[in-house]
1. I need the full set of residues from segment B:220-239 which are within 17 Å of residue B:194 (Cα to Cα) and free of Cβ contacts under 8 Å to residues at least 40 places away in the same chain, in order please.
2. Within segment A:207-224, does at least one residue satisfy the condition of being closer than 28 Å to residue A:7 by Cα, under 17 Å from the mean Cα position of the chain (by Cα) and among the acidic types (Asp, Glu)?
3. Could you grab me the full set of residues in segment B:120-148 that are within 10 Å of another protein chain (Cβ to nearest Cβ) and either of a type in the set (Ser, Thr, Tyr) or assigned to a helix (DSSP H, G or I) (or both)?
4. Can you tell me which residues in segment A:118-145 are part of a helix (DSSP H, G or I), within 14 Å of chain B (Cβ to nearest Cβ) and either acidic (Asp, Glu) or within 23 Å of residue B:157 (Cβ to Cβ) (or both)?
5. Using the structure shown, decide if residue B:153 is of a type in the set (Ser, Thr, Tyr), part of a helix (DSSP H, G or I) and touching a residue at least 40 places away in the same chain (Cβ under 8 Å).
6. Take the conditions buried (at least 19 other Cβ atoms within 10 Å of the Cβ) and over 20 Å from residue A:88 (Cα atoms) and apply them to residue B:141. Does it pass?
7. Test residue B:203 against the criterion of being within 26 Å of the chain's Cα centre (by Cα), among the hydroxyl-bearing types (Ser, Thr, Tyr), assigned to a loop (DSSP other than H, G, I, E, B) and surrounded by fewer than 16 Cβ atoms within 10 Å (Cβ to Cβ), and give yes or no.
Amino acid sequence: MIKESTQLSFENVGKSYGRGKAVIEAFDLNIFHGEFVSLIGPSGCGKSTILKLVAGLTPITEGELKVDNKSPENAREDMAYIFQEATLLPWLTVTNNIQVPLRLLHWRKSKREEIANRLIELVGLSSVKDYYPRQLSGGMQMRVSIARALTLSPKILLLDEPFGALDEMARDHLNEELLAIRAQEDWTALFVTHSVPEAIFLSSRIIILSANPGRLYKTIAIDFPYPRKPELRESLEYQQAVADVSHHLRSVER
Amino acid sequence: MNNRLYWALPLITGFFMIGIWYAIKWTNDLPHYILPSPDEIIRAGFAEKDILFKAARETIVGAVIGFLSAGSIGFALALILSSSPWIKASLYPWVLFLQMIPVIVMVPIFVLWLGPGLPSVAIITFMIGFFPIVANTTQGLISTEKNMVDLFTLYNASKLQEVFFLRVPYALPYFLTGLKIAASLAVIGALTGEIFAGSASGSGGLGFMVVVYNSQLKIPELFATAIVACALGFIFVSIVLVLSWYLLRHWHESVAQKDR
């Protein structure tokens, strides 16, 4: 993986809503192509806000934020966003939900279906491709959401606590699948989570934020080589990393 | 509850109530012009069936025209209201204000403007069904989940795509709820209109027959008219319920069966 090219750069970024207090202050960070970066921190540290800034859903109020050397609004076609809820359109089947981004761009039906079929296979939903979202479990709905995010082959994936509502088993499975998918697709990930073990299993780098206002507190590199297997969770080194990150997290919360 | 009971119970209560009806009539020795018995009503209904049938047809025409225009114009107005917070802020209070005007007060005004007959009847039906449709549909169009709207923003969807690909389907259950209310009011609206707007040609709808029978003290016939109106209302609501089931059957909790 090429690690030199910067994909996301925050320079002294600040954000406040209206005349309120700053949510994020003096935030500096460079994220390189191919990285998997997790944002973790106490509630109120603005980690979800950072994703919204990158996606251009809300403007920054200070500093400079570049996505692929473009402003966030102009880089939207390079990005995909995965929300905390699956955010599927309940009146569309699995395959039609996955095709939504392509339909908005007026792609041909045959091309749309080709892409949808490949992604349905990738996330393991072939048997339920004509089901409606309400017929699926939470984990399956999230898989559909992931597949939809991958339709336009994004360069950057923004994930806002996508597995937060799932039970631990489903979460672990989806973590493994997400890494397996990433081995085939080439994207940089910015991942927001509350779970230290999840962050360590997935990330190449963890950013710990402090709250009120949100600031970068500490950067921790996670050096376990990819591909990572589920057994990694049982290793002592992994346990040690969980303990280290948890320790830092506790010291921010104090 | 098993299926047979499901059908049998309402029938049993029905027979029970008819029994009470006869009991009240006989113990108080009430004449047919105060309280006709069910058999007198049925006989009167059959004797007048040609007139009632023709009147029902007129009522249906007025009700359908009023109902369909309430549905389409109501939907269009909801789209306009939801298109910008500015438009909604300037118009919606007036929509609510107009809704507060009792339709019955407007009836003589419409008759004055449009003369007696179908146009007045249709407009009165329209008035009565229009507001529930506007209120419900607007609510649906503006309450689309924030994340879904964000999703469309992220994919650079146009305003039109957002409306027709996201907000309209999202509001469909709300619109259908409005339609259901309007359907149950359509026949009542048409009858109210006919009672006041009468007829332009000497024959008229069920509301007109109410006026005629009342002036002739034909009370069993009046009851028979009520039953026909009841049946019409039932058909109207059923059609909307079927439509609603058909459109929402796959995805909306209100009608989709629990298949997992």
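1. Matches in segment B:220-239: B:222, B:226, B:230.
2. No, there is no match, as no residue in segment A:207-224 is closer than 28 Å to residue A:7 by Cα, under 17 Å from the mean Cα position of the chain (by Cα) and among the acidic types (Asp, Glu).
3. Once the filter is applied, which keeps residues that are within 10 Å of another protein chain (Cβ to nearest Cβ) and either of a type in the set (Ser, Thr, Tyr) or assigned to a helix (DSSP H, G or I) (or both), segment B:120-148 yields B:146, B:147, B:148.
4. Result: A:133, A:141, A:142, A:144, A:145.
5. no
6. no
7. yes
So that you can scan it fast, the table gives a plain yes or no per residue for (1) of a type in the set (Lys, Arg); (2) in contact with a Lys or Arg (Cβ under 7 Å, 6 or more places away or on another chain); (3) farther than 22 Å from residue A:198 by Cα:
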{"site": "A:9", "(1), (2), (3)": "no, yes, yes"}
{"site": "A:19", "(1), (2), (3)": "yes, no, yes"}
{"site": "A:37", "(1), (2), (3)": "no, yes, no"}
{"site": "A:41", "(1), (2), (3)": "no, yes, no"}
{"site": "A:64", "(1), (2), (3)": "no, no, yes"}
{"site": "A:101", "(1), (2), (3)": "no, yes, yes"}
{"site": "A:117", "(1), (2), (3)": "no, no, yes"}
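The values are calculated or read from the model by the stated rules, or taken from the named source; none is laboratory data. All figures in this text were calculated on a predicted structure; none of them were measured in a lab. Every residue, glycine among them, receives a Cβ derived from its backbone with ideal geometry; neighbour counts consider all protein chains shown.
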